[in-house]
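Enquirer: Dropping the structure in here first, questions after.
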Amino acid sequence: MKRSALAIGLLLFASAASAAEIRSYAVRIEAHPDGSGSVSAVVQIESATPGAIAIPLGFATVADLRMIEGPAGTVLSASAANGQSLVQAVVPGGAPAALTIAFAFTTKDVFLPVAPASGEKSTLPEGSRVLRHAVMNSQPAPIRSYKAEAVFPEGLRAHAVREALPRLRKAEAGPRVLLDDIDGKTGARLQVDRLLQGESASMQVELVPQGRSVAWLIAGLVLSLAYLVYFRDLVARRGQ
């Protein structure tokens, strides 16, 4: 009897969790020089019922999880799931079917390691980083709209976009990842419409120091002087 009651409870829990659909999901990442990040998310949900709502996160580590907005009595928790994290929002009875849950947390894994393999030379300048964000929709219902914006640390600028997934569909206009100014700081935006179960959205951006090295400055001066000498000789020849 107890087993039957437990099984029924689990079925009801799963049904409640799978009924909700994420209509809009927006993430903001403030990347720090040490590879950590401060993250905030705003999730708009439809067809919500009392119980657990699972929200996939594109981060392996989550700390200091706190709710910013949501129905009174909502409880948030985070757990590891298939290489990323999953936030579970337990919504109390009486909550509306269409609701917004906003939360914030910190993470340790904003950057990928950039150290070259043994015996190989790095293709990036010293002090470079590779910013990576990837989320997989592990839930049955599609995520209708997913947006992530990452603000780069001070002193770093984008050098190249290594990865931008999923590939653009026929009806979509690109680019998938856009390098852009975000509140007066350099950053990148990732946008995907309709992310189905099992599909991933990801971006990788190479970041290099903003200041030019001494070698580049010297090279620039040499080229400038060579141009001035050539231009002076050219003018002298024309005047003869």
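Each value in this text was obtained by applying a stated rule to the coordinates, not by laboratory testing. Everything quoted here is computed from the prediction, not taken from an experiment. Methodologically, a virtual Cβ is constructed for each residue, glycine included, from the backbone with ideal geometry; neighbour enumeration extends over all protein chains shown.
Enquirer: Relative to the present Cα-Cα distance, how much length would full extension add between ALA19 and SER40 at 0.36 nm per residue of separation? Walk me through the numbers before you get to the answer.
Expert: Values: separation 21, 0.36 × 21 = 7.56 nm, distance 2.43 nm.
Gain on stretching ALA19 to SER40: 5.1 nm.
Enquirer: Based on the Cβ-Cβ distance from ALA63 to ALA171, what FRET efficiency comes out when R0 is 30 Å, to the nearest 0.05?
Expert: 0.15
Enquirer: A further question on this structure: Quickly work out the VAL114-to-ARG162 label distance, labels modelled 7 Å from Cα along the C-beta direction, and quote it in nm with one decimal.
Expert: Between ARG162 and VAL114, the label points sit 0.9 nm apart.
Enquirer: State, as an integer percentage, the relative contact order of region 19-209 based on alpha-carbon contacts under 8 Å between residues 6 or more apart.
Expert: 25
Enquirer: Determine the alpha carbon to alpha carbon distance for each of LYS108/LYS170; LYS147/LYS185; LYS121/LYS147 and list only those over 26 Å. Show your work: numbers first, answer last.
Expert: Numbers: LYS108/LYS170 36 Å; LYS147/LYS185 18 Å; LYS121/LYS147 35 Å.
Result: LYS108/LYS170; LYS121/LYS147 exceed 26 Å.
Enquirer: Can you give the log10 of the normalised intensity I(q)/I(0) at q = 0.13, 0.16 Å⁻¹, computed with Debye over equal Cα scatterers of region 35-158?
Expert: For region 35-158, the Cα-only Debye profile gives -0.61, -0.83.
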